[in-house]
Amino acid sequence: MKALLSVYDKRGIVDFAKALNTSGIELVSTGGTFRTLRDEAKVPVTQVSDLTGFPEILDGRVKTLHPKVHGGILARRDIDAHAKQLAEHGIEAIGLVVVNLYPFVHTVSREGVTLTEALENIDIGGPTMVRAAAKNFPHVVIVTNPDDYEWVAKELASGKSSAISLEARQRLARKAFQHVALYDTAISQYLNNEGDEMSAEVTLGLRRVAALRYGENPHQAAALYTDVLGTGGVAHAKQLNGKELSFNNILDADAAWRVVTDFDEQAVTIIKHCNPCGLAANTDQVKAYKQAFAGDSVSAYGGIVGFNRPVTLAAAEAMQGVFFEIVIAPGYEPDALKLLQQRKNLRVLEASSAAGPIKDIDVRRISGGFLLQSADIPIENPSQWQIVTKKEPSEAEMLDLAFAWKAVKHIKSNAIAVVRNRAVLGIGAGQPNRVNSVHLATRTAGNKTDGSVLASDAFFPFPDNVDLASQEGITAIVQPGGSIRDDEVIATADKAGVAMIFTGIRHFRH
């Protein structure tokens with residue numbers, strides 16, 4: 001049997017080639033792989049140009065695109081006419097193809113990489129051989145992952161490709177097609193410099209990085225995948241302490257990271273079931289944490305704490321005595337990390353810092369398909385908001401309203417946030433009607449609502465929301481506006497002496 005080896009990732013290839021050679025399998029290889037096997041490892045191997053009778057040309061762009069390569073791979077062994085044509089043209093059958101591709105993702109992930117460099121790292125011959133071998137898997141073994149070398153070598157000890165079962169060859173073929181699909185997706189995403197997310201055809205390139213014990217519930221299977229071109233966020237976070245993350249842990253950690261990275265100023269949030277039960281901004285990190293914790297100290301138990309600045313020792317000390325599942329931040333002072341690592345069950349994550357909101361595409365699974373939308377990151381300027389009431393917000397209220405408006409976009413609809421001194425006092429989340437959300441938010445805030453402000457993610461359909469808010473001592477409201485009853489809502493606010501602002505932008509989060 002003849003095997004063709006052409007790999008960029010040389011991991012394990014020498015031992016694999018030696019095992020194949022010991023089994024009596026004739027080896028053919030290309031440029032870099034050929035030199036590694038012949039010159040460095042002294043493994044008997046034939047150069048592909050000797051097989052084809054044609055040299056590599058165009059700086060290696062053309063070397064395996066030849067009938068003696070692809071005829072040998074694609075010929076069906078169960079068709080006599082194919083065997084006859086191979087003999088007529090002096091083509092030898094190839095029973096094993098071992099290929100992995102140029103490191104396109106690694107190349108384009110480098111800072112300052114040029115388009116020319118990226119294009120030179122788009123593999124052509126490799127994917128062609130992979131597809132050909134995978135198409136003909138009933139007769140050819142295709143291996144794209146070095147993790148499969150050991151067991152494939154053992155199966156091929158007899159020197160015959162038929163030693164590997166049809167089912168196993170089909171699994172390898174599926175992996176091969178997926179390998180090429182991921183590669184092509186990465187190239188497509190890189191070339192999409194115009195940001196056309198809603199194009200006619202879309203593929204998602206995902207690579208599994210961890211198998212999870214289960215999903216949201218124990219009967220659900222789950223795994224963590226990263227975007228093929230992704231580099232930051234929770235999926236790429238480093239775990240510095242604690243037991244393995246669960247599906248729900250990752251969801252909540254992502255919610256925490258998205259909240260805090262939406263703020264330019266120092267912010268701390270506490271997340272429970274993907275909602276910020278606590279959120280505060282303060283130049284003093286300890287004060288920010290304490291204000292976030294005070295927002296709902298009951299719900300904070302077992303929550304996830306998110307920071308958008310490196311965690312200080314003082315902040316780590318402030319968290320002592322409270323059970324949290326996770327702390328996530330862009331970094332940790334050495335002494336702060338040592339203190340947090342003393343808590344064996346506390347998962348400590350370090351995520352890539354972000355200067356602004358995480359920009360990505362929101363993908364939702366529905367029965368029979370998917371919904372895609374751009375991320376909810378509009379450019380908003382509070383100075384352009386419309387004051388619609390007779391009373392104007394004070395300077396302090398404006399600061400709180402801007403904070404509340406940014407906070408409410410991270411709360412499940414119907415969403416209400418009650419805020420004072422740039423700290424969330426109470427939220428209403430996920431309710432079928434907005435009045436219930438106002439009730440929940442003010443009830444959580446308790447006797448702290450006097451002088452606070454309120455944000456609503458969507459317009460008030462009726463003035464009863466304003467009535468309830470004013471009765472609780474809320475002095476200013478920010479909402480999108482746009483209801484057919486806006487005039488009634490504004491009149492109610494005027495009567496109650498409540499300032500109201502329309503933003504013109506809605507922040508539903510279902």
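The values are calculated or read from the model by the stated rules, or taken from the named source; none is laboratory data. None of these values were measured; they are calculated from a predicted model. Cβ coordinates were reconstructed from backbone atoms using ideal geometry, including for glycine residues, and neighbour counts include every protein chain displayed.
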Which one of Tyr225, Tyr190, Tyr214 is touching a Phe, Trp or Tyr at 6+ places or on another chain (Cβ under 9 Å) and within 24 Å of Leu371 (Cα to Cα)? Tyr190
Show the residue pairs meeting these rules: Cβ distance below 8 Å; 6+ apart or different chains; first residue within the stretch 198-213 and on the phi < 0 side of the Ramachandran plot; second residue aromatic (Phe, Trp, Tyr). Leu206/Tyr225; Arg207/Tyr225; Arg208/Tyr225; Val209/Tyr225; Leu212/Phe247
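Listed here are the residues, each with its yes/no results for (1) over 30 Å from Ile361 (Cα atoms); (2) in contact (Cβ under 8 Å) with a residue 12 or more places away in the chain.
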site: Ala253; (1), (2): no, yes
site: Thr269; (1), (2): no, yes
site: Gly278; (1), (2): no, yes
site: Ala281; (1), (2): no, yes
site: Gly295; (1), (2): yes, yes
site: Val305; (1), (2): no, yes
site: Arg309; (1), (2): no, yes
site: Gly321; (1), (2): yes, no
I'm trying to understand the selection: among the residues of the stretch 153-170, which are surrounded by 14 or more Cβ atoms within 10 Å (Cβ to Cβ) and without any contact (Cβ under 8 Å) to a residue 24 or more places away in the chain? Glu155, Ser162, Ala163, Ile164, Ala168
Condition set surrounded by fewer than 22 Cβ atoms within 10 Å (Cβ to Cβ) and over 18 Å from Asp264 (Cα atoms), scope the stretch 294-311, selection nearest to the chain's Cα centre (by Cα): answer is Gly302
Checked the stretch 130-153 for anything part of a loop (DSSP other than H, G, I, E, B) and not aliphatic (A, V, I, L, M); matches are Asn136, Phe137, Pro138, His139, Thr144, Asn145
Count of residues meeting criterion [in contact with an Asp or Glu (Cβ under 7 Å, 6 or more places away or on another chain) and in a helix (DSSP H, G or I)] in the stretch 297-330: 1
Residues of the stretch 21-36 satisfying the condition of being more than 20 Å from Asn100 (Cβ to Cβ) and of a type outside the set (S, T, N, Q): Gly24, Glu26
Filtering the stretch 33-78 down to residues that are at pLDDT below 85 and at positive phi, which residue is farthest from the chain's Cα centre (by Cα)? Gly53
If the requirement is being loosely packed, with under 11 Cβ neighbours inside 10 Å and in a strand (DSSP E or B), which of these qualifies: Leu349, Leu371? Leu371
If you go through Ile57, Ile73, the only one that is of a type in the set (Val, Ile, Thr) and within 22 Å of Ala153 (Cβ to Cβ) is Ile73
Do you know which of the residues in the stretch 1-34 that are of a type in the set (D, E, K, R) and in contact (Cβ under 8 Å) with a residue 40 or more places away in the chain is nearest to Ser49 (Cα to Cα)? Lys2
Name the residues in the stretch 256-283 that are in a loop (DSSP other than H, G, I, E, B) and within 10 Å of Gly303 (Cα to Cα), would you? His273, Cys274
Do the conditions hold for Ala81, that is, is it at negative phi, surrounded by fewer than 17 Cβ atoms within 10 Å (Cβ to Cβ) and over 29 Å from the mean Cα position of the chain (by Cα)? yes
Of the residues that sit in the stretch 102-115 and are in a helix (DSSP H, G or I) and not polar (S, T, N, Q), which one is nearest to the chain's Cα centre (by Cα)? Val105
Quickly run through the stretch 468-492 and pick out the residues that are surrounded by fewer than 19 Cβ atoms within 10 Å (Cβ to Cβ) and out of contact with any helix residue (DSSP H, G or I) (no Cβ under 6 Å at 6 or more places or on another chain). Gln471, Gly473, Gly482, Ser483, Ile484, Arg485, Asp486, Asp487, Glu488, Ala491
Residues that are in a helix (DSSP H, G or I), of a type in the set (A, V, I, L, M) and over 23 Å from Ala163 (Cα atoms), drawn from the stretch 6-64: Leu37, Val48, Leu51
If you go through the stretch 85-101 one residue at a time, how many are under 18 Å from Gln170 (Cα atoms) and in a loop (DSSP other than H, G, I, E, B)? 2
Suppose we filter the stretch 139-165 for residues that are of a type outside the set (S, T, N, Q) and either under 25 Å from His82 (Cβ atoms) or touching a His at 6+ places or on another chain (Cβ under 6 Å) (or both); how many remain? 12
